[in-house]
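To keep things clear, I will list the structure first and then write my remarks on it.
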Amino acid sequence: MKALIEGFSGQLQNALRIAKEARFSFNPSSIQHIVVTGLGGSGIGGNLLQFFAQDLLAVPVLVNKTYNLPAFVGPHSLVIASSFSGNTEETLHALQEAIERKAQVLCITSGGQLLEIAKAKGFDYIQIPQEAPCPRAFLGYSLVQLMAVLKHFVPAFDLEHEVLHVCQQLENYRTQIQAEAHRLAKLFHKRLPVVYADERWYPAILRLQQQINENAKQLCHINVLPEMNHNELVGWGLDKTHYQNIAVLLLRSNLDHPRVKIRMDICKPVFAEKAAQVYELSTHGKSYFEQMLYVIHLFDWASFYLAELNGVDAFPVDIINHLKSSLANYENQAK
């Protein structure tokens, strides 16, 4: 896992080369909505696309993380099926619905059934490398391909500049990123991480939650402002003995909504009175894209260092493999 995280910048650059060769047959003017269907490490790129697209696209982007597609999906929908292995059962089921409803389809995968279907049906597809059986470690490949789709809708979006600039920034701040990641790992060790941010950073903190789950084999809770101010804030109302094992992380950025900045300032003393510790982390960079990838890379390192502190191997996810094999056994018994 360490080598895979270290290779993130190189992965982004390789992904850019793949994206440059991508050819899309769909006409953007015919698309009324985009649905990215994918789960886990293959689905987080969809969350990122959804938030990046909000400021650029005139059509909505929805992320689907289950078997069935929304009822509105039809001929004017672009359904992007993202599965690193190509064999994710939920994604394959959703793809079948997209086919039945005559939606326009793009597949992003390293192989498996998804690639076979794309070739057989003549769908657009982008094949990404399968360097290791670890979807979450290859976010760079799937994300850049999704951003290439965004560029197909918005030609002025300079994907190459954004990616190469991010790679340079990650290299320039390597020492700073790893030092901060060590601090976060120590903050979260033997505690329940509770992470809050402006809603625009939801994909970043979702990524942190998933990486802590899979790499460090530990639970993590996240929420966004202002929504949590309308419900979860009340959950801090018990005696402080209920919160002694919680470490709060506040992710902050100069891109946060001004009112959210004030809300965080007001809420911080509430958390500090009850939690074991409250820590603030600032994003780094000029653009939204740059800040997002900076903090995601930092979070990946934090989850790895937390795995070391927890005394676990960050790479395997045995319980997920057990779940998949158990599901397969149920299917075989049904036959």
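Structure data summary
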{"item": "Among LEU208, GLN32, ASN68 the positive-end extreme of the charge dipole of the chain (Cβ point charges)", "result": "LEU208"}
{"item": "For the chain, size of Cβ-based charge dipole, Lys and Arg +1, Asp and Glu -1, in debye", "result": "160"}
{"item": "Radius of gyration and Dmax over the Cα atoms of the chain, both given in Å", "result": "20.3, 61"}
{"item": "Under 15 Å, Cβ to Cβ, from GLN96 - net charge with Lys/Arg +1 and Asp/Glu -1", "result": "-2"}
{"item": "Two-decimal Rg to Rh for segment 181-241 - Kirkwood Rh, Cα set", "result": "0.99"}
{"item": "For the chain, built as a Gaussian network whose Cα springs stay under 10 Å, the top-fluctuating residue of ILE205, ILE177, ILE320", "result": "ILE320"}
{"item": "Shape call, segment 218-335: gyration tensor on alpha carbons, a/c limit 1.5", "result": "prolate"}
{"item": "On Cα atoms only, tilt of 288-310 relative to the major axis of the chain in degrees", "result": "70"}
{"item": "Cβ-defined net charge surrounding VAL73, 12 Å radius [Lys, Arg +1; Asp, Glu -1]", "result": "0"}
{"item": "Principal-axis tilt of helix 159-172 within the chain, Cα atoms, nearest 10 degrees", "result": "40"}
{"item": "ILE319-LYS268 pseudo-label distance in nm [points 7 Å out on the Cα-to-Cβ vector]", "result": "3.4"}
{"item": "Dipole axis of segment 218-335 (+1 Lys, Arg; -1 Asp, Glu on Cβ), positive-most option in ASN332, HIS322, SER253", "result": "SER253"}
{"item": "Prolate/oblate/rounded call for segment 1-42, Cα gyration tensor, a/c under 1.5 rounded", "result": "oblate"}
{"item": "Lysines with Cα under 19 Å of LYS286, excluding same-chain neighbours fewer than 8 positions away", "result": "LYS261"}
{"item": "Rg followed by Dmax, in Å, when segment 95-152 is reduced to its Cα trace", "result": "12.2, 34"}
{"item": "Theoretical FRET efficiency, 1/(1+(r/R0)^6), r = Cβ-Cβ of SER30 and THR175, R0 56 Å, to 0.05", "result": "0.70"}
{"item": "Where Cα atoms sit under 26 Å apart: lysine pairs in segment 116-253 separated by 8 or more or lying on different chains", "result": "6"}
{"item": "Structure-based [θ]222 nm, the chain - -39500 (n - 2.57) summed over DSSP H runs of at least 4, per residue, nearest 500", "result": "-16000 deg cm²/dmol"}
{"item": "Point-charge dipole on Cβ atoms (K/R +1, D/E -1) for segment 172-260, about Cα centre, debye to 20", "result": "400"}
{"item": "Partners for LYS274 among aspartates and glutamates (Cα-Cα distance below 13 Å; same-chain residues under 8 apart left out)", "result": "ASP239"}
{"item": "Distance (nanometres) between label positions extended 7 Å along Cα→Cβ at ASN329 and TYR67", "result": "2.0"}
{"item": "Nitroxide proxy distance, nm - points 7 Å out along Cα→Cβ at ASN245 and HIS221", "result": "1.2"}
{"item": "GNM result for the chain, Cα springs below 10 Å: residue of TYR141, TYR294, TYR173 fluctuating most strongly", "result": "TYR173"}
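Bear in mind these aren't lab numbers, they're just calculated from the coordinates by the rules spelled out. Note that the coordinates shown come from a computational prediction; the quantities given were computed from them, not determined experimentally. Neighbour counts are summed over all protein chains in view; Cβ atoms, including those assigned to glycine, are modelled from backbone coordinates with ideal geometry.
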